[in-house]
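Take a look at the structure below.
The values are calculated or read from the model by the stated rules, or taken from the named source; none is laboratory data. Only a predicted model underlies this, so the values are computations on that prediction, with no experimental measurement involved. In this analysis, Cβ positions are derived from the backbone assuming ideal geometry, glycine residues included, and neighbour counts consider all displayed protein chains. Accessible surface areas use protein heavy atoms only, side chains included; no ligands, DNA or RNA. Shrake-Rupley method; radii C 1.70, N 1.55, O 1.52, S 1.80 Å.
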Amino acid sequence: MNIRQAVKMAWKSIIGKKGRSMLTMLGVIIGIAAVMTIVSVMSGYAAKTMEQFSAMGSNKITVDIYSYMYEVDENGNMISSGKDYFPDLYAYCKSIPQYIVGITPEAQASVNVVYGTKNSANFEWSWDEMGNMTGQRPPDVYYVSNQYSACNNLTITKGRDLGELDVERYNQVCVLGSQAAEVYFDAADPVGKFLQLNGQNFEVVGVYAPRVTGSDAQGSTIDNIILLPYTARRLLGGNRIENFIIKAKDGVSTTEVATRVRGFLKGLVDPATGDSYVSPDDRWQQSMNEQMGMISLVLGGIAAISLLVGGIGIMNIMLVTVTERTREIGIRRAIGAQRSSIVTQFLIEAAMLCGIGGIIGILLGTLGCYVAGNLLFKMTIYPSASVTAGALGFSVLLGLIFGSYPAIKASKLQPVEALRAE
């Protein structure tokens with residue numbers, strides 16, 4: 001018997017018992033669909049997160065310099081005190097311009113922002129069951145330097161950016177993110193207008209272009225920011241600035257700068273009064289990729305259990321098929337059929353069963369990816385070609401593995417005994 005005849009016979013056997021064949025393939029269908037959906041959705045989530053990292057800027061190094069010293073302010077609140085390390089860190093970074101694009105503090109300010117009737121103290125917001133933000137979240141206000149935009153991939157779309165003189169002269173100016181500008185000024189041009197921050201007037205000198213656009217902007221707060229010169233902290237108050245961002249020129253420079261800054265801070269920060277941490281942002285990305293990979297493996301392993309169940313179902317139904325066709329096997333062996341042709345026939349039938357189940361599972365998995373991507377991430381996700389090809393190949397391999405025992409058992413039947421079977 002040649003391969004073509006074996007395929008025809010296998011197809012005839014599958015079509016002849018449609019209900020039984022479909023139930024046999026069910027485990028494979030569910031397993032393939034589940035694995036494809038999980039792997040593709042996790043890949044989509046990782047890609048979405050990478051986009052957000054890219055929007056915030058790459059080749060960044062986060063520097064945290066903590067103080068163990070605290071004092072009580074006039075309101076009775078404990079605030080961090082101690083030496084301001086930014087001038088020293090800034091001077092050191094200026095000494096290695098071949099590696100660095102910019103450096104800035106990034107300290108969140110706890111202030112009340114008012115313009116006309118809009119008061120951030122009255123904003124109410126929450127997250128719904130689908131993970132979408134409802135209401136209006138107050139903007140995040142940061143003390144920064146004039147190099148903040150260079151460190152975070154920000155571009156001015158209206159007015160101007162913060163300047164070095166704004167920092168040196170303690171100018172009461174601010175630059176708004178696109179969402180913050182929309183919240184307070186709607187469609188009007190905010191440049192030249194004044195916001196009240198804790199009762200102090202700050203002139204809006206510029207607006208940044210949005211980093212997240214379209215449906216991705218829903219629920220995102222990356223552009224809901226107000227940036228002040230870090231010297232405004234003397235007027236508005238707040239904790240000592242402990243968080244800084246350094247933007248390196250490239251990936252190689254990121255590693256070099258991180259090493260150099262660690263060594264510099266080790267000699268600068270007294271371990272009796274504080275501590276410092278230097279963390280390249282690509283570590284967070286690598287850690288996230290590792291975590292996503294582990295989650296994918298765990299969830300994929302759980303889904304693969306249904307594939308194992310499906311494989312056992314294939315083996316079971318093929319054993320039933322061998323029993324049903326014992327006389328046929330005996331006749332074929334009696335007229336000279338080789339054991340290899342019997343094995344080939346049953347292996348092809350098992351592989352076709354799993355292959356058809358795999359194709360149906362791929363179609364369902366593709367649909368599941370599309371639905372999950374739009375519901376969870378507001379983006380369209382489709383399985384990659386490699387995932388699709390791998391799923392189909394694995395389903396066929398599953399049929400060959402679990403169909404091998406029934407095929408070998410069928411080939412070992414003795415012609416005389418097989419012909420006696422009822």
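A residue that is touching a residue at least 24 places away in the same chain (Cβ under 8 Å) and outside any helix (DSSP H, G or I) cannot be found anywhere in region 286-308. Counted as qualifying within region 138-254 are the helices (runs of 4 or more DSSP H) with 1 or more residues that are touching a helix residue (DSSP H, G or I) at 6+ places or on another chain (Cβ under 7 Å), namely 164-168. Please verify whether region 395-414 includes one or more residues that are open to solvent by 10 Å² or more (accessible area, probe 1.4 Å), β-branched (Val, Ile, Thr) and at pLDDT below 80. Among the residues of region 395-414, not one is open to solvent by 10 Å² or more (accessible area, probe 1.4 Å), β-branched (Val, Ile, Thr) and at pLDDT below 80, which makes the answer no. Looking across region 185-210, the residues that are in contact (Cβ under 8 Å) with a residue 60 or more places away in the chain and buried (at least 22 other Cβ atoms within 10 Å of the Cβ) come down to Leu195, Leu197. Among the conditions (1) closer than 30 Å to Ile356 by Cβ; (2) more than 36 Å from the chain's Cα centre (by Cα); (3) open to solvent by 30 Å² or more (accessible area, probe 1.4 Å); (4) touching a residue at least 60 places away in the same chain (Cβ under 8 Å), Thr273 misses just one, which is (1).
Conditions tested, residue by residue: (1) of a type in the set (D, E, K, R); (2) open to solvent by less than 20 Å² (accessible area, probe 1.4 Å); (3) more than 25 Å from Ala303 (Cβ to Cβ).
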{"position": "Gln5", "(1), (2), (3)": "no, no, yes"}
{"position": "Lys8", "(1), (2), (3)": "yes, no, yes"}
{"position": "Ser13", "(1), (2), (3)": "no, no, yes"}
{"position": "Lys18", "(1), (2), (3)": "yes, no, yes"}
{"position": "Thr24", "(1), (2), (3)": "no, yes, no"}
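Just one of the numbered conditions (1) open to solvent by 20 Å² or more (accessible area, probe 1.4 Å); (2) part of a helix (DSSP H, G or I); (3) of a type outside the set (Phe, Trp, Tyr); (4) farther than 16 Å from Gly300 by Cβ is not true of Thr388: (4).
Condition check ((1) out of contact with any strand residue (DSSP E or B) (no Cβ under 7 Å at 6 or more places or on another chain); (2) basic (Lys, Arg); (3) modelled with pLDDT of 90 or more; (4) not in a loop (DSSP other than H, G, I, E, B)) across all residues:
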site	(1), (2), (3), (4)
Ser340	yes, no, no, yes
Ile348	yes, no, no, yes
Lys378	yes, yes, no, no
Pro383	yes, no, no, no
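Exactly one residue out of Met379, Met318 is touching an Asp or Glu at 6+ places or on another chain (Cβ under 8 Å) and surrounded by fewer than 16 Cβ atoms within 10 Å (Cβ to Cβ), and it is Met379.
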